[in-house]
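Have a look at the structure below before the remarks.
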Amino acid sequence: MSLKTNPDSSAETDDTLVTSKATIVLKERFVLEEMLARGGMGMVYRALDLRKAEYKDRKPHVAIKILNDECKSHPDFFMALQREAKKAQSLAHPNIATVYDFDADGDTVFMTMEYLSGQTLDVFIKENPPSPANYPQLLKIVEDMGRGLAYAHQNHIVHCDFKPGNVFITDKGTVKILDFGISRIARPAEQHDLDATIFDAGKFGALTPSYASCEMLEGSAPDLRDDIYALACITYELLTGRHPFGREKATLARHKKMQAEPIKGINKRCWKGILRGLEFKRQARTASVDQYLDDIKRESIFLAALTPWRLGLGLTFGLIIAGLAFLALIGAPWLMDKPNGATNNVSPTMVRENSLKSAADQQSSRAPLTAQEQAKIARLLEVAEIHFIVGRIIDPPGSNAYEAYRQVLSIDPGDRQAQTGLVAIADHYQQLAQKSLSNNQREKSQALITRGLEIQPSHPGLRALQHRADNR
């Protein structure tokens, strides 16, 4: 390693390697330019590859991970590092960051990797509050992560330290998984940060307590279902903005009998898929990443508040046409049962006023659903989702998501998906009303609040917004 310093600088040669004006060159080839990240294993730098620059490569930069002294202190470290680096090099997949090489320059041990421009997933989560409207975009991220994990599992490689900090989203939106295999050879860190990587040096296995399965925390051999637990935690965090168990370790969450709170705005299939991934017992957990992705697939998720003008989230015009065609084929308007003499001009208020007594009372007093009723509910829920996709939330009368959900509740007052659907509709109107009120469009805001309260009269957000609007 060579160190070139400007005359007016005061370079240091400790494990930080670089001061503001020092130039570090590794192997007379890699010029360290900027520190990108610091973790339990060491630091990651952006570096200029002089060989690539000499040959006019359009992408002359690489990422270099320099291992700290703690990592190097273990006698078997280098052997393990070489073995794991070779495993990582074998993973050629668009959703996995490429590892180029493992090398040393004097006492400096480092790995060269693909340089990426963008942000890690933990930063993305902090900067992008979730809502039902962007669930499709968020689940696309989950799908991309899953594809990378599935490919690694096919090659008999388990990540073992899968977490938002080890996922990268490039400026072009490509999802890349970082630190495959490398993380398992880190050294234990004396720290209490549940998001900091720690490991058992004797076993060369890394883990991050918040995302590690019970089996990993208890020292069991790595298993692909350990990655699935972490993937389910990240899925939950993407859709809610919070960890499913408040960042508690899985073993402690199991001891406390903690349960993840239901996610507002997704259907039963997706929710059950996430819960299977979060199982504390390995044998009860989803068996493969492919199965997990199928369980939570975007095509079946409840797409709340997705109106045609918000299709920039990835929904194409072709999907709208397909949705309309589907409605026509299945005769969606005729799935709505109407009482004798009723017309299609049914407002949310009329539907609400004609509703039956409370869901709990009806559920306790009615007989189990027949197969015919169950089939009808399934069709109505499917129709409701299509209505959301094409923007038919409460209009046109007789053929909209609101009435479809009300029809489901008239059959089964306890149906969670329909109840969630109505809440999401009210949430949608709250968001629109809030935006209008912020823009001083009081009349428009009042109309949206009124419409939302017709759907959910006790909606706390709309009630609070109503009070705020009345006092402006």
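Each value in this text was obtained by applying a stated rule to the coordinates, not by laboratory testing. Not measured: the values here are computed from a predicted model. Note that each Cβ is placed from the backbone with ideal geometry, even for glycine, and that neighbours are counted across all protein chains shown.
Close amide H partners of Ala37, meaning residues 5 or more places away or on another chain with modelled amide H under 5 Å apart, are Val44.
How about the range 228-283: which trypsin sites (Lys or Arg not before Pro) there lie in a loop by DSSP and see at most 14 other Cβ atoms within 10 Å? Sparse-neighbourhood loop trypsin sites (Lys or Arg not before Pro): Arg242, Lys256, Lys257, Lys281.
Distance between the pseudo-spin-label points of Ala92 and Glu33 (7 Å out from Cα toward the beta carbon): 2.7 nm.
Each residue of the range 46-60 is assigned a 3J(HN,Hα), and the resulting list reads 7, 9, 8, 8, 4, 5, 5, 5, 4, 8, 6, 4, 5, 10, x Hz, derived from the Karplus form 6.51 cos²θ - 1.76 cosθ + 1.60 (θ = phi - 60°), x at Gly and Pro. The simple Förster model, with R0 at 60 Å and r as the Cβ-Cβ distance, assigns Ala104 and Lys257 a FRET efficiency of 0.80. Between Asp171 and His156, the contour length at 0.36 nm per residue exceeds the Cα-Cα span by 2.4 nm.
If R0 is taken as 25 Å, the Cβ-Cβ distance between Gln372 and Lys272 corresponds to a FRET efficiency of 0.60.
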